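The values are calculated or read from the model by the stated rules, or taken from the named source; none is laboratory data. Computed from a prediction, not measured in an experiment: that's the story for all the values here. All Cβ positions, even for glycine, are placed from backbone atoms using ideal geometry, and neighbour counts span all protein chains on display. Just so you know, the surface numbers come from the protein's heavy atoms only, side chains and all, with ligands and any DNA or RNA stripped out. Shrake-Rupley method; radii C 1.70, N 1.55, O 1.52, S 1.80 Å.
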Amino acid sequence: MNSTNLAQTHHGGIDTLRGLACILLLVLHVVGEQVTSGLRVPDEHPLAMFTAIFLHLRMPLFAMLSGFVYAYRPPTREVSGRFLTGKLRRIGLPFVFVTTIYGVANTVLGAGYGVPWGEFWQIYVSAYAYLWFLQAVFILFLVIGALDLLFPKARLQVATGFLAVTSALFLSDIGRGIEWLSFDRTLYLAPFFALGVFLNRFEGNATRGLKTAFLSSLALLGTIHLVGVLTDPTAVIERRNAMSLGLGLVASGSLILFRNVLNFAPLAWIGRFSFGIYLYHMFPVMALLAVYKFIGFPDPWLGLAIGATAGLSLSIAAEIIARRLGPVLPWLPTLTLGLTVAGKEKRRHETVPASV
């Protein structure tokens, strides 16, 4: 296989994982995280158990992909200003735009994430709906970017230390329950993001032993988690304990380590639109759930099929339209997707849910 094909396979594997993460996120938001949300299915329902089984993979995979792709092009002193402005454009602008319209829609319609108008400003500075991820990953980019600027000749050591420190913080009581700037959620994502950076920088070293260790750990921890969900689906699954850390690391890490053999064209195609899907999937899902609530929540399997299809197709369509209108309305792709005026990015180096 020549170098071009190797690059395409590598990129296709990353896009496949992006697509997988999007599908898992859509299923979660359509089905609901608990019996009082989404399609209102009981904990014992197969769909509810499916979302519980993949709890330790969904957001850890998004975060790990972000760290992995970031490591291709960390900031240098010459481009540190451009790194910051790029992240503000690519993450900050869409965050403000989508948070605003999602908050307004929920408040006007009296939906679950409605906010009193006098407190509306809080949605921009605290963990709000599904958009907390953008706050958290932006902070992580700033932290790892600063570390790489301070220690430019010790990139692998920085990643190793970052992984160790963030894992310790994950297991500690620090930040628990603090929603300001999504601090709790940032500490939740941090070790997975750090492992993504580490895996990228560790490549070139012997990885066979690492792959064996990850798969063995995944088999053990995955079995324990699976048995727990199947035998007691009503049990509350902790997000910040040793099991969630270990399983999240080895599950997402295994997928990244074996990404070159996981290239699946349909998922990879979806993955190319993963940022648009992440930003806008909840609007059609919210509409579907409103209709389902009105008609009394019939067959949840049909609801999942409709909701997931609408969430994917309409989000992808919105991104395609925004990109194509870029030459005519140059502000549109920038505001809605954080893209440059031409609506184009160097895809290999994207470091937001399109890379997430």
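Residue by residue through region 164-208, note down the ones that are assigned to a loop (DSSP other than H, G, I, E, B) and hydroxyl-bearing (Ser, Thr, Tyr). Break it down into steps so the answer makes sense when it comes.
At the first step, the residues of region 164-208 found to be assigned to a loop (DSSP other than H, G, I, E, B) are 172-179, 181-182, 204, 206-207.
Scanning region 164-208 gives SER172, SER182, THR207.
Look at THR166 and say whether it is touching a Pro at 6+ places or on another chain (Cβ under 6 Å) and buried (at least 19 other Cβ atoms within 10 Å of the Cβ).
Values: touching a Pro at 6+ places or on another chain (Cβ under 6 Å): yes; buried (at least 19 other Cβ atoms within 10 Å of the Cβ): yes.
Yes, satisfied.
Return the residues of region 127-143 that are of a type in the set (Gly, Ala, Ser) and not in a helix (DSSP H, G or I); say none if nothing qualifies. Steps first, please.
Let us first name the residues in region 127-143 that are of a type in the set (Gly, Ala, Ser), namely 127, 129, 136.
Matches in region 127-143: ALA127 only.
Given the conditions (1) of a type in the set (A, V, I, L, M, F, W, C); (2) closer than 30 Å to PHE294 by Cβ; (3) open to solvent by less than 20 Å² (accessible area, probe 1.4 Å); (4) touching a residue at least 40 places away in the same chain (Cβ under 8 Å), and given that LEU28 satisfies all but one, which numbered condition is not satisfied?
The one condition LEU28 does not meet is (4).
Within region 225-244, is there a residue that is hydrophobic (A, V, I, L, M, F, W, C), surrounded by fewer than 17 Cβ atoms within 10 Å (Cβ to Cβ) and more than 30 Å from ASP43 (Cβ to Cβ)? Even if it seems obvious, please write down each step before you answer.
At the first step, the residues of region 225-244 found to be hydrophobic (A, V, I, L, M, F, W, C) are 226-227, 229-230, 235-237, 242-243.
With the extra rule that they be surrounded by fewer than 17 Cβ atoms within 10 Å (Cβ to Cβ), the set shrinks to 226-227, 230, 235-237, 242-243.
If we keep only those that are more than 30 Å from ASP43 (Cβ to Cβ) as well, we get none.
Looking through region 225-244, none of the residues is hydrophobic (A, V, I, L, M, F, W, C), surrounded by fewer than 17 Cβ atoms within 10 Å (Cβ to Cβ) and more than 30 Å from ASP43 (Cβ to Cβ).
Could you tell me which residue of region 170-201 is least open to solvent (accessible area, probe 1.4 Å), considering only residues that are over 19 Å from VAL250 (Cβ atoms) and aliphatic (A, V, I, L, M)? Write out each step before concluding.
Within region 170-201, the first condition is being over 19 Å from VAL250 (Cβ atoms), and the residues that meet it are 172-187.
When the remaining residues are screened for being aliphatic (A, V, I, L, M), the result is 174, 178, 181, 187.
Details: ILE174: 85, ILE178: 78, LEU181: 76, LEU187: 17 Å².
Per the criteria, the residue is LEU187.
Quick one: would you say LEU279 is under 30 Å from SER167 (Cα atoms), at pLDDT 95 or above and open to solvent by 30 Å² or more (accessible area, probe 1.4 Å)? Give the steps one after another, and end with the answer.
Working: under 30 Å from SER167 (Cα atoms): yes; at pLDDT 95 or above: yes; open to solvent by 30 Å² or more (accessible area, probe 1.4 Å): no.
In short, no.
Please go through region 179-217 and pick out each residue that is closer than 13 Å to LEU257 by Cα and among the aliphatic types (A, V, I, L, M). Break it down into steps so the answer makes sense when it comes.
First pass over region 179-217, keeping only residues closer than 13 Å to LEU257 by Cα: 195-215.
Passing the criteria: LEU195, VAL197, LEU199, ALA206, LEU210, ALA213, LEU215.
Which of the following residues is touching a residue at least 60 places away in the same chain (Cβ under 8 Å) and either open to solvent by 30 Å² or more (accessible area, probe 1.4 Å) or assigned to a helix (DSSP H, G or I) (or both): ALA290, ALA310, ALA318, ALA305?
Details: ALA310 fails: touching a residue at least 60 places away in the same chain (Cβ under 8 Å); ALA318 fails: touching a residue at least 60 places away in the same chain (Cβ under 8 Å); ALA305 fails: touching a residue at least 60 places away in the same chain (Cβ under 8 Å).
After ruling out the rest, the residue left standing is ALA290.
I'm trying to understand the selection: among the residues of region 144-154, which are assigned to a helix (DSSP H, G or I) and open to solvent by 60 Å² or more (accessible area, probe 1.4 Å)?
Keep residues of region 144-154 that are assigned to a helix (DSSP H, G or I), which gives 144-150.
Across region 144-154, the qualifying residue is only LEU150.
Using the structure shown, decide if GLY326 is touching a Pro at 6+ places or on another chain (Cβ under 7 Å), open to solvent by less than 40 Å² (accessible area, probe 1.4 Å) and either at pLDDT below 95 or not in a helix (DSSP H, G or I) (or both).
Criteria met by GLY326.
Would you check which residues across region 102-126 are open to solvent by 60 Å² or more (accessible area, probe 1.4 Å) and part of a helix (DSSP H, G or I) and list them? Give the derivation first.
Pass one, region 102-126, residues open to solvent by 60 Å² or more (accessible area, probe 1.4 Å): 108-110, 112-113, 116-119, 121-122, 124.
Listed by number, the residues that qualify are VAL108, LEU109, TRP117, GLY118, GLU119, TRP121, GLN122, TYR124.
Which residues, taken from region 282-314, are among the aromatic types (Phe, Trp, Tyr) and modelled with pLDDT of 90 or more? Break it down into steps so the answer makes sense when it comes.
Step one: filter region 282-314 for residues among the aromatic types (Phe, Trp, Tyr), giving 283, 292, 294, 297, 301.
Listed by number, the residues that qualify are PHE283, TRP301.
Okay, residues lined up against (1) surrounded by fewer than 19 Cβ atoms within 10 Å (Cβ to Cβ); (2) at pLDDT 95 or above:
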| position | (1), (2) |
| --- | --- |
| CYS22 | no, yes |
| THR36 | yes, no |
| VAL41 | no, no |
| MET59 | no, yes |
| MET64 | no, yes |
| ARG82 | yes, no |
| ARG89 | yes, yes |
| VAL98 | no, yes |
